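Following: one structure in structure tokens, then a few remarks.
Since every read-out is calculated from the coordinates, none of them should be taken as a lab result. These figures come from a predicted structure and were not determined experimentally. Every residue, glycine among them, receives a Cβ derived from its backbone with ideal geometry; neighbour counts consider all protein chains shown.
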Amino acid sequence: MRMKIIDGKELAQNLRSEIAAGVASLKAQKGIVPGLAVILVGDNPASVSYVTAKEKACEQVGILSREIRLPATTLESNLLSLINELNADSAIHGILVQLPLPTHISEKAVIGAIAPEKDVDGFTPVNVGRMLIGEECFLPCAPHGIVKLIEASGINANGKHAVVIGRSNIVGKPVAALLARKETNATVTLCHTGTRDLERFTRQADIVVVAAGRPGTLTGEMLKPGAVVIDVGVNRIADSTRRKGFRLSGDADFESCAKVAGAITPVPGGVGPMTITMLLWNTLESAKRC
Ligand code: NAP
């Protein structure tokens, strides 16, 4: 059996063409241009590069991005006031606060302040709750992108055993919830650092989603032959041979996993482009509801 590389870039590009057409038609029919406010507090290099990529993607599909860069010393109260202003701004259909925030600012308070109808990251308790009970909501972007990637790759998760490594609120828990929905219908095991003998679970998995934030968390010896590997991890590994001084690595050891897996997402070029695409998707959906 030939191993398949799941090309997130290609699928993302196709979806972005659809989104661009949707943006153009909304503008033509209702005179509405979707607007996304992107707030970055501080200058964490990874966050700066994510925000830049999101802004470029907005431009590519015709969404207006309003970039708001604030110093790392910004007070939580000032950030909350800004979010309140954006909640009331009719030109803004989506609000994104790039995480992580400086430690003196409560992420919980900031996310909770975003109006659920502008929460295009799908992180507010209202949208998370709606997702869990199957009501219409903004789905969180990385988990939504992962499910789309699995479907578009012709992988039928119905009845399959999916093992998710990582239980964060933004990736692990929501992706487990989406895979377990009736329409996807996988049987899901959620693993974390308290899991005893991780390999015992991954070896039984038809699909492994790894979102641990640690390179080498998943290796080929931990897989059942033919398993699908979705690698969410984005880790910067120091590499003096690269212009930027680092290279990106996922959480799966690509070389050993590719020898055993039936399909695998690369890093970069797998989940990442889909995550940004689902942000554009949610922003367009939000503008359509106006
Ligand atoms: P996080 O908040 O640090 O959560 C990591 C999770 O992995 C935790 O639940 C942790 O367990 C678990 N974990 C860590 N090491 C483990 C191990 N050896 N065995 C089992 N479980 C382990 O990270 P996150 O925000 O979910 O992000 C995960 C990775 O995805 C990061 O590399 C991040 O950069 C990347 N990411 C990528 C995208 C994208 O679009 N490609 C989007 C979001 C995040 P405990 O709960 O027990 O500590």
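In whole percent, what relative contact order does the chain give with Cα contacts below 8 Å and a gap of six or more residues?
Relative contact order of the chain: 22 percent.
Kindly identify segment 70-129 as rounded, prolate or oblate by the Cα gyration tensor criterion: order the square roots of the eigenvalues as a ≥ b ≥ c, call it rounded if a/c is under 1.5, otherwise compare a/b with b/c, prolate if a/b is larger, else oblate.
oblate
Using just the helices of the chain, give the 222 nm mean residue ellipticity in deg cm²/dmol: DSSP H runs with n ≥ 4 each add -39,500 (n - 2.57), and the total is spread over all residues, rounded to 500.
Result for the chain: -12500 deg cm²/dmol, rounded to the nearest 500.
Are there DSSP H segments in the chain that both extend 27 Å or more along their axis (alpha-carbon positions) and score a mean Kyte-Doolittle hydropathy of at least -0.5? List them, or say none.
Result, helices passing both filters: 8-30.
Roughly speaking, what is the stretch gain from ARG200 to ILE5, that is 0.36 nm per residue apart minus the C-alpha to C-alpha distance, in nm to one decimal?
Gain on stretching ARG200 to ILE5: 67.7 nm.
Please give the charge dipole size of the chain, origin at the Cα centre, charges +1 on K and R Cβ atoms and -1 on D and E Cβ atoms. Round to the nearest 20 debye.
Charge dipole, the chain, about its Cα centre: 440 debye, nearest 20.
Toward the positive end of the charge dipole of the chain, about the Cα centre and with charges on Cβ (Lys, Arg +1; Asp, Glu -1), which of THR265, VAL48, THR74 goes farthest?
THR265
What is the dipole size for segment 111-212, taken about its Cα centre, with +1 at each Lys and Arg Cβ and -1 at each Asp and Glu Cβ, in debye to the nearest 20?
That gives segment 111-212 a dipole magnitude of about 300 debye.
Classify segment 31-116 from the C-alpha gyration tensor, please: rounded if a/c falls under 1.5, else prolate or oblate depending on whether a/b exceeds b/c.
oblate
If amide H atoms are built 1.01 Å from N in the plane of the peptide, which residues on other chains or at least 5 residues away come under 5 Å of the amide H of LEU70?
Amide H neighbours of LEU70, under 5 Å, 5+ apart: LEU40, VAL41, GLY42.
Answer with one residue from PRO102, PHE201, VAL175: the one whose Cα lies farthest towards the positive end of the charge dipole of the chain, charges on Cβ with Lys, Arg +1 and Asp, Glu -1.
So the residue we want is PHE201.
Grab the beta carbon distance between ALA21 and ASP89, set R0 = 30 Å, and tell me the FRET efficiency rounded to 0.05.
Here the calculated transfer efficiency is 0.70.
Treat every Asp and Glu Cβ in segment 141-271 as -1 and every Lys and Arg Cβ as +1, leave all other atoms uncharged, and give the resulting dipole magnitude about the Cα centre to the nearest 20 debye.
Magnitude of the dipole: close to 300 debye.
Please compare each pair in LYS27/LYS56; LYS27/LYS108; LYS148/LYS288; LYS118/LYS244; LYS4/LYS148; LYS9/LYS54 to a cut-off of 26 Å on the Cα-Cα distance and tell me which ones are over it.
Check vs 26 Å cut-off fails for LYS27/LYS108; LYS118/LYS244.
According to a simple spin-label model (label point 7 Å from Cα along Cα-to-Cβ), what is the distance in nm between SER256 and ILE237?
Those two pseudo-labels are separated by 1.2 nm.
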